[in-house]
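The structure under discussion appears below in the form of structure tokens.
Taken together, the values in this text are just the output of simple stated rules run on the coordinates, not laboratory data. Note that the coordinates shown come from a computational prediction; the quantities given were computed from them, not determined experimentally. Cβ coordinates were reconstructed from backbone atoms using ideal geometry, including for glycine residues, and neighbour counts include every protein chain displayed.
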Amino acid sequence: MNAAEFCASGGGAGYAPAAPGTFGSILGLAIGALLLHLGHGPLLAGIVVASALGVWAVWAVGGQADPGWIVIDEVAGQMIAMLALPRLSFIGVILALALFRLFDIWKPGPVGWADKKHDAVGVMADDWIAGGLAFGVLVLLRLVHLP
């Protein structure tokens, strides 16, 4: 496995025998939790790094589509959802994971549009948008004091 494949597969998480996208999201959740523990600045920096590495890695492996083993997009998208959390909490983390996976699998509106772009940015963008939608729902839930 070369460096691009290692990055694109989330260190191999994308080669899980079933549900590689969920494994990638859980990896994003773990990395995001470690970074959020340090603050929102480190989490934002992690998103930028994962996104830049993701675009490069997907391009380097010739990602014209989004094969299941490429999960760096889920890592970045999951961390975007976590930006809405004021701090680590069990409920917040579970909601961030559930909402991100819901939007990533369902692909409503702009998520589906980005998913149809067959290039490295398109592979990443549907998950950035899914993460943004999950972020928005989490912010709304915070406004009514749920998580």
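Can you tell me, using C-alpha contacts under 8 Å and at least 6 residues apart, the relative contact order of the chain as a whole percent?
28 percent
Looking only at trypsin sites (Lys or Arg not before Pro) in DSSP loops with at most 11 other Cβ atoms within 10 Å, what is the longest site-free stretch of the chain?
Values: sites that count: Arg87, Lys116.
Looking at the chain, 1-86 is the longest stretch - no exposed trypsin sites (Lys or Arg not before Pro) with at most 11 other Cβ atoms within 10 Å.
List Phe103, Phe23 from most exposed to least, where exposure is judged by having the fewest other Cβ atoms within 10 Å.
The order, fewest Cβ neighbours first, is Phe23, Phe103.
Among (i) 15.9; (ii) 14.7; (iii) 16.6, find the value of Kirkwood radius over Cα pairs in Å that was calculated from the structure presented, and write down its label.
Comparing each candidate, only (ii) matches the computed number.
Can you give the helix-only mean residue ellipticity at 222 nm for the chain, where every DSSP H stretch with n ≥ 4 adds -39500 (n - 2.57) and the sum goes over all residues, rounded to the nearest 500 deg cm²/dmol? Please report the intermediate quantities before stating the final value.
On the way: 7 runs with 104 residues, N = 147.
It lands at -23000 deg cm²/dmol.
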